[in-house]
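Following: one structure in structure tokens, then a few remarks.
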């Protein structure tokens with residue numbers, strides 16, 4: 001029996017997923033049994049199901065969306081799915097603003113589609129219901145913000161998967177928290193305190209058939225077994241080569257050679273994600289934003 | 001034709017979802033046509049599909065998990081699904097540590113199941129591949145942390161939905177970032193800089209059949225149309241009443257009356273989510289944690 005490393009198995013399985021169909025081949029079975037410490041009872045490999053196929057077909061559309069309405073009831077269905085995501089203490093520390101006006105969409109996120117769902121970290125409903133009963137609730141600290149960001153994002157990702165299951169295309173943009181979030185506050189009349197527009201889901205239909213989906217790195221460096229695995233020099237070489245491999249579709253652009261880079265990651269680190277220059281560039285705006293909107297503890301600035 | 005408010009329609013639809021089947025009744029169609037400004041072409045309401053049913057059956061299990069292995073290949077299938085989530089610039093600024101040892105799971109998150117996936121915000125692979133090519137990459141700022149947290153959480157939620165589609169139960173815990181994250185660093189040998197264990201997904205099988213799923217608030221205060229809607233006093237009353245309604249299953253406990261509270265939210269705000277006392281309590285530990293692990297800009301502390 002030939003043994004295969006978990007990494008090789010994972011990559012091979014991932015490659016086989018290119019067409020969107022998830023099928024674990026028999027070689028994956030034998031190799032896994034040989035390479036993992038706990039051999040599960042032989043209950044057979046998971047069968048691809050519609051949910052897994054939907055997930056394998058997730059894609060973010062960066063092109064234009066048609067000016068075409070969503071099917072009747074689709075937004076309600078997606079919102080009902082979205083709120084099913086788990087959340088801390090069932091306090092649902094988020095708000096979802098539904099924008100159907102295309103000019104407003106453009107104002108908020110620079111893109112236009114059939115509908116924009118703006119997901120905000122938001123404690124105002126919780127605070128208002130506490131105050132209504134005569135209690136106070138202070139979410140003014142970074143821990144609360146991080147927990148609420150997780151709640152908000154789980155709801156958004158659930159909405160994205162629900163939309164995809166309905167054949168609806170989407171764009172997920174974090175431009176609303178990475179750009180100037182103040183314009184979003186005024187465009188949507190958001191509360192000034194304890195609310196932050198975090199991420200948005202633009203729904204609609206792409207004007208062109210989708211091109212191939214982006215690849216993903218898997219191992220090493222993404223999935224770690226038992227404990228964290230630090231990349232060796234050889235593994236760094238392998239990562240660089242994976243990004244360079246046109247068949248893997250890992251990069252944002254394909255013409256990095258024409259643009260004068262020896263590797264895709266060279267283009268990424270010199271042209272796209274340039275090193276942050278601590279000497280000359282201003283620090284992240286996020287700290288000021290979180291402070292301004294009451295997510296950092298006023299008395300201690302933490 | 002009877003008109004119904006969007007809120008009433010949403011609640012009615014949500015109530016109809018109790019059994020996990022998503023069906024938009026005809027009343028929802030007519031009411032929506034009457035109450036929204038844009039009436040989509042009559043392409044019919046979305047039909048419940050397997051993905052939507054899986055999402056409606058999402059639930060976090062807080063009881064014990066059996067000491068029972070997952071089916072052959074399930075972890076790989078879930079991980080392959082997880083990495084399909086969208087992420088900023090396809091840089092996958094996260095790591096997923098797979099823990100199968102039950103004693104280790106308990107050490108990391110206090111719970112035990114068949115497998116624990118620890119999702120970490122992590123820039124080390126990106127930094128290492130940059131350094132390998134002679135470049136530097138500094139993710140040492142809060143904006144990078146927030147963006148990476150979103151990437152990490154979208155991957156986690158996708159894994160949770162994939163697991164549920166395979167009939168696997170789960171617990172999502174943010175205890176690893178809300179408690180003392182330092183024990184997770186040592187348990188999993190995480191890099192000290194630019195890595196933070198954010199949230200964990202415990203997979204397995206509950207030892208008891210699931211009880212009813214938790215309800216969710218929808219409107220007002222969660223979903224906002226066109227722009228943000230601030231709760232009126234009457235709406236605050238309605239929120240309080242929704243939490244008090246035993247049929248809605250919104251609360252963490254059912255016996256808050258026996259515990260001496262007049263409303264569930266009174267119990268929540270006095271016994272569970274107590275007001276943060278700025279005078280006597282230490283500030284959020286998150287700021288110190290982010291500083292210690294290199295997510296806050298060293299030179300400017302932002």
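Neighbour counts of other Cβ atoms within 10 Å put A:205, B:170 in the fewest-to-most order A:205, B:170. Using the Cβ-Cβ distance between residue A:292 and residue A:103 with R0 set to 35 Å, the FRET efficiency works out to roughly 0.85. Spin-label pair residue A:262-residue A:226: with each label point 7 Å from Cα along the Cα-Cβ axis, the two points sit 3.6 nm from one another. Annotation for residue B:292, label-to-label distances across the other copies: 3.1 nm (shortest first, one decimal, point 7 Å from Cα along Cα→Cβ).
Semi-axes of the equivalent ellipsoid of the range A:74-209 are 26, 17, 12 Å, computed as sqrt(5λ) over the eigenvalues of the C-alpha gyration tensor in descending order.
Each copy carries residue A:57; placing its label point 7 Å along the C-beta direction from Cα gives inter-copy distances of 2.1 nm, listed from smallest up.
Size descriptor for the range B:119-187, Kirkwood hydrodynamic radius: 14.3 Å (Cα pairs only, one decimal).
Placing pseudo-labels 7 Å out from each Cα toward the beta carbon at residue A:50 and residue B:252 gives an inter-label distance of 3.6 nm. Averaged over the residues of peptide B:228-238, the number of Cβ atoms from other protein chains lying within 10 Å of each residue's Cβ is 4. In this simple spin-label model, placing a label point 7 Å from the Cα along the Cα-to-Cβ direction at both residue A:180 and residue A:207 gives a separation of 2.7 nm. Note on B:182, A:76, A:235: ascending count of other Cβ atoms within 10 Å places them as B:182, A:235, A:76, the fewest first. Distance from the alpha carbon centroid of the range A:74-143 to that of the range B:88-121 works out to 28 angstrom.
In nanometres and ascending order, the distances from the residue A:241 label point to those of the other copies are 6.8 (point 7 Å from Cα along Cα→Cβ). Here the residues B:158, B:289, B:110, ranked from fewest to most Cβ neighbours within 10 Å of their Cβ, fall in the order B:110, B:289, B:158.
None of the figures in this text is laboratory data; all of them are computed from the coordinates on show. Being a predicted model, the structure only gives us computed values, none of them experimental. For neighbour counting, all protein chains shown are included, and Cβ atoms are generated from backbone atoms with ideal geometry for every residue, glycine included.
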